[in-house]
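The block underneath contains the structure these notes are about, expressed in structure tokens.
The values are calculated or read from the model by the stated rules, or taken from the named source; none is laboratory data. Predicted model only: the values in this text are computed from it and were never measured. Here the Cβ is made from the backbone with ideal geometry for all residues, glycine too, and neighbour counts use every protein chain on show.
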Amino acid sequence: MNVYKTDNGVKIEGVKDLDLAQTLDCGQSFRWVENNGRFSGVAYRKKVEIYFEDDCLCIDNTSVEDYENIWKSYLDLELDYGKIREDIKKLHPVLEEACAYAPGIRILRQEPWEALCTFIISQNNNIKRIKGIVERLCESFGDKIDDYYTFPSAEKLAELAPEDLAPIRAGFRNKYIIDAAVKVNSGEVVLEKCRTLEYDDARAELMKIKGVGVKVADCTLLFGLHRVEAFPVDVWMKRALEKLFPDMTENDFGDYAGIAQQYIFHYSRMHPEIFD
């Protein structure tokens with residue numbers, strides 16, 4: 001890939017296996033807003049606009065240095081998804097279909113705290129409502145950048161009580177968000193060490209937080225800590241496994257189970273007739 005500075009930011013030639021809608025608006029992250037193929041959002045306290053133009057990936061409002069230090073990793077551009085798909089699709093005929101249906105999905109490398117917090121909010125919720133809660137959380141407690149807001153830190157939220165979160169309208173999740181903030185801020189739960197702990201130990205570390213069960217822990221590990229062996233199972237995935245993979249469990253999808261999970265999740269969500 002070749003990176004060039006532009007008047008507005010950077011452009012990158014040679015990006016493969018990246019579809020912005022499939023990656024930014026598929027339930028991994030809840031902070032991106034699409035307008036005519038352009039995605040605006042905030043990550044790592046930076047507000048950018050991302051889009052394709054003339055087969056080049058363009059990122060406005062950024063520098064070559066920030067691309068190298070933030071966005072290349074955030075979009076996981078250094079991992080060879082083409083090769084991974086070739087391995088994954090051999091596992092099952094349905095996976096071959098799912099890989100072909102949405103080959104542009106990549107696993108975002110989000111800030112671990114943001115991933116943890118947003119997937120606590122995601123419990124028993126739909127994507128539209130999750131986005132609304134996250135937006136209100138950022139507007140209420142984040143820092144303003146132009147017309148956007150940063151994701152509030154664990155340190156900031158740890159100063160609050162659950163009732164202080166009433167304006168975000170997250171209901172029972174308020175107490176879980178505050179418990180997470182307190183434990184992360186105090187060091188009782190150390191997110192960064194979950195990158196290298198044995199998987200079950202990393203999951204157990206996150207499950208010290210009230211309201212964090214296996215599914216939220218797995219989502220945090222996959223989307224916030226890039227533990228691509230993670231295979232989160234929600235209602236959609238449980239149905240997909242029962243219907244499409246009756247002889248397999250989440251342990252059968254290999255070292256890149258989390259990437260396989262995203263292909264299956266997106267394919268299943270876009271084909272509800274499968275479950276009729």
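Selection of first residues in the stretch 152-170 that are within 20 Å of A115 (Cα to Cα) and of second residues that are of a type in the set (D, E) and surrounded by 15 or more Cβ atoms within 10 Å (Cβ to Cβ), restricted to Cβ pairs under 9 Å at least 6 apart or on distinct chains, gives the following pairs, ordered by first then second residue: P162/D179; I168/E135. Within the stretch 1-17, the residues that satisfy the criterion of being surrounded by 15 or more Cβ atoms within 10 Å (Cβ to Cβ) and either over 18 Å from I107 (Cβ atoms) or out of contact with any Asp or Glu (no Cβ under 9 Å at 6 or more places or on another chain) (or both) are V3, G9, V10, K11, I12. Restricting the search to strands (runs of 3 or more DSSP E) fully inside the stretch 23-72 and requiring at least 2 residues that are touching a strand residue (DSSP E or B) at 6+ places or on another chain (Cβ under 7 Å) and surrounded by 17 or more Cβ atoms within 10 Å (Cβ to Cβ) gives 38-43, 46-53, 56-60.
Considering the conditions (1) assigned to a helix (DSSP H, G or I); (2) within 30 Å of L160 (Cα to Cα); (3) of a type in the set (D, E, K, R), K210 is excluded by exactly one of them, (1). On inspection, K175 qualifies as free of Cβ contacts under 8 Å to residues at least 40 places away in the same chain, in contact with a helix residue (DSSP H, G or I) (Cβ under 8 Å, 6 or more places away or on another chain) and either surrounded by fewer than 22 Cβ atoms within 10 Å (Cβ to Cβ) or polar (S, T, N, Q) (or both).
Quick grid of which residues meet (1) at pLDDT 95 or above; (2) farther than 17 Å from L116 by Cβ; (3) not in a helix (DSSP H, G or I):
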{"residue": "A204", "(1), (2), (3)": "yes, no, no"}
{"residue": "T220", "(1), (2), (3)": "yes, no, no"}
{"residue": "A230", "(1), (2), (3)": "yes, no, yes"}
{"residue": "A240", "(1), (2), (3)": "no, yes, no"}
{"residue": "D247", "(1), (2), (3)": "no, yes, yes"}
{"residue": "N251", "(1), (2), (3)": "no, yes, no"}
{"residue": "Y267", "(1), (2), (3)": "no, yes, no"}
{"residue": "E273", "(1), (2), (3)": "no, yes, no"}
